[in-house]
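Working notes, structure below.
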């Protein structure tokens with residue numbers, strides 16, 4: 001391969017073009033997230049009804065934050081994967097009365113990402129290893145936004 005064609009030398013380290021491209025794509029995703037959140041907020045302000053896209057917004061945000069690839073829609077067991085880690089994403093919407101997510105114990109995941117969209121449509125997330133989730137209640141884990149790792 002011709003020297004210099006795999007990437008660039010920047011501030012004392014080699015940066016591969018794949019890494020540069022990934023950051024450009026993330027910027028596009030960031031703009032898309034902002035637009036989706038704005039549309040969801042405007043729709044609610046206009047109709048007084050939530051637009052049913054918050055789960056998708058949560059998944060896109062989690063993918064961007066934690067660098068995993070989303071599975072195809074409606075894939076069973078988890079929402080995404082990176083190497084040997086399987087991610088489950090749950091979103092707390094601004095309209096939910098309690099900041100708790102319900103996750104199937106039978107799911108094929110070892111990382112849980114909880115994404116929270118506030119009433120003013122700010123978005124943030126937390127990630128947990130499955131081993132650090134509270135004990136399941138029956139067939140489900142009930143995980144509050146305030147959950148702390150012991």
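None of the figures in this text is laboratory data; all of them are computed from the coordinates on show. Computed from a prediction, not measured in an experiment: that's the story for all the values here. Heads up, the Cβs are rebuilt from the backbone with ideal geometry, glycines too, and the neighbour counts pull from every protein chain shown.
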- Item | Residue order, fewest to most surrounding Cβ atoms within 10 angstrom, among 93, 47 | 47, 93
- Order of 114, 149 - criterion: other Cβ atoms within 10 Å of each residue's Cβ, fewest first: 149, 114
- What whole number of Å gives the distance from the Cα centroid of region 27-71 to the Cα centroid of region 82-149? 17 Å
- What length, rounded to one decimal in nm, is gained on full extension from residue 83 through to residue 148, with 0.36 nm per residue of separation minus their alpha-carbon distance? 20.8 nm
- Message: Let me make sure I get this right: for region 69-150, a, b and c are the square roots of the gyration tensor eigenvalues over alpha carbons, sorted descending. Under 1.5 in a/c it's rounded, otherwise prolate if a/b > b/c, else oblate. Which is it?
- Response: oblate
- Message: Given R₀ = 30 Å, what would the calculated FRET efficiency be for residue 28 paired with residue 120, taking r from the Cβ atoms and rounding to 0.05?
- Response: 0.80
- Item | region 12-144: radius of gyration over Cα atoms, expressed as a fraction of 2.2 N^0.38 Å | 1.14
- Taking 0.36 nm per residue of separation between residue 47 and residue 96 and subtracting their Cα-Cα distance, the length gained on full extension comes to 15.9 nm
- Query: When 124, 106, 97, 78 are ordered from fewest to most other Cβ atoms inside 10 Å of their Cβ, what list results?
  - Reply: 97, 106, 124, 78
- Fraction of antiparallel bridges per DSSP, region 12-144 only, in percent to nearest 5: 75 percent
